[in-house]
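Accompanying notes for the structure given below.
The values are calculated or read from the model by the stated rules, or taken from the named source; none is laboratory data. Please read all numbers here as calculations on a predicted model, not as lab measurements. Please note: Cβ atoms are built from the backbone with ideal geometry, for glycine as well, and neighbour counts cover all protein chains shown. With ligands, DNA and RNA removed, areas are computed over all heavy atoms of the protein, side chains included. Shrake-Rupley method; radii C 1.70, N 1.55, O 1.52, S 1.80 Å.
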Amino acid sequence: MDRTETVFCPVCDSVDHQHFISTNALMHAANAECYVFHKCSACESVFLTNGVREYELAAYYTRDYLPYKGAAAWGRYNSFVAGSQRKLDRKRVQVVAGVTQDKKGFFSILDVGCGQPSFLELVQAKLNADCIGIDFSDNGWKHQAYPSLTLIKTSLADFVPSQSFDVITLWHYLEHDFHLHETVEKLHACLNPGGKLIIEVPDYQSVSARRQKQFWQGWHSPRHLTLFSEKGFQALFAADKWTISKHLRYGTLDAFTLYWLGKMEQKHINWFDSMEREFWPLVFFKVLSFPFFAFERVFSMGLQLIVVQKK
């Protein structure tokens, strides 16, 4: 490691870390960019040491970025993909329902990085919650009306809440964050006493990450900055302010999806093309690999979910 400039672990501020893996820019046009991740010896988190500046990220979030295109990227098979999104939303609503059982009916929820707010819409319909979503881009909702939701184009850092919340969800948000400790403090300030964070992120200590190496989409470089370990979560959420009440080595996102994205990366597909031609190969591979992914709750296949409660 080059010691001419001290690099601190973004989770625990340690300077004791070593090279872990290097990748190209993933889910992007063919490139020779090189992104270097180090593993912290103290908290075991892995972090990007040479990421791009925040204002440069727009080049990696174009209108052709696959998650932005969503079901439309799959052409005539878009209805099948839209159905998968609805299934994902239902699973996430079940997680929220599980942590709000103590609420007598009504509660408030903030979804950070809400994108297209189908999840929030379902929360409002099924759980009778006061729903607010924020995102730095309004591309997910500006062409469709969501009259029952409050949607705000803003970053979390610039968000000025008019209320505090019982639940804050961060579905694949925290790994993108440039200012982790400031973000955790902001989340603490936004929660009611006893309020809960629901956080889903990739798990670099998973079977899929070890197998796919630099092609694993959990790296998603340069968009993902930090990948967390159990020790990392404990360092980030200090015990005097937080209680980690649940840590699952699986998530709501289908682990197969993350693995398939890695296979497509290794295949060097053009991410900007229609995914229509990949639909039936995907279905075939999903059926073929079902016995393997049936064990995702036994062996980590690439995802983790934690619930953290404010003291």
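Just a few scattered comments:
- Residues in the range 30-39 carry Karplus couplings, in order, of 3, 7, 10, 5, 10, 10, 10, 9, 10, 10 Hz; the curve used is 6.51 cos²θ - 1.76 cosθ + 1.60 with θ = phi - 60°, and Gly or Pro positions show x.
- Solvent-accessible area per residue, Å², over the chain with all protein chains present [probe radius 1.4 Å]: 49 Å²
- Linear extension gain, residue 182 paired with residue 68, 0.36 nm per residue minus alpha-carbon span: 38.3 nm
- Relative contact order, whole percent, for the range 60-203 stands at 19, derived from Cα pairs under 8 Å and 6 or more residues apart.
- Length added when fully stretched, residue 143-residue 231, from 0.36 nm per residue minus Cα-Cα: 27.5 nm
- Tensor-based shape of the chain (alpha-carbon gyration tensor, a/c under 1.5 rounded, otherwise prolate or oblate): rounded
- Length-normalised contact order for the chain - Cα pairs under 8 Å, 6+ apart - percent: 21 percent
- Estimated inter-spin distance, residue 210 and residue 36, nm [label 7 Å along Cα→Cβ]: 2.6 nm
- Note on residue 155/residue 7: beta-carbon distance plugged into 1/(1 + (r/R0)^6) with R0 of 22 Å gives a FRET efficiency of 0.35.
- Bridges between two residues of the chain, per DSSP, are antiparallel at a rate of about 55%.
- Residue-averaged 222 nm ellipticity for the chain, from DSSP H runs of 4+ at -39500 (n - 2.57), nearest 500: -8500 deg cm²/dmol
- Protein accessible area in the chain, 1.4 Å probe - carbon and sulfur %: 54 percent
- Diffusion constant of the range 1-90 at 25 °C, which comes from Stokes-Einstein with the Kirkwood Cα-pair radius and 0.890 mPa s, µm²/s: 152 µm²/s
- Computed from label points 7 Å out along Cα-Cβ, the spacing between residue 15 and residue 268 is 4.1 nm.
- Projecting the Cα atoms of 272, 305, 292 onto the charge dipole of the range 215-311 (Cβ charges, centred on the Cα centre) puts 305 farthest toward the positive pole.
- The slack in the chain from residue 192 to residue 243, taken as 0.36 nm per residue of separation less the alpha-carbon distance, amounts to 17.0 nm.
- Of 196/310; 126/186; 91/310; 196/311; 91/246, those spanning more than 18 Å from alpha-carbon to alpha-carbon: 126/186; 91/310
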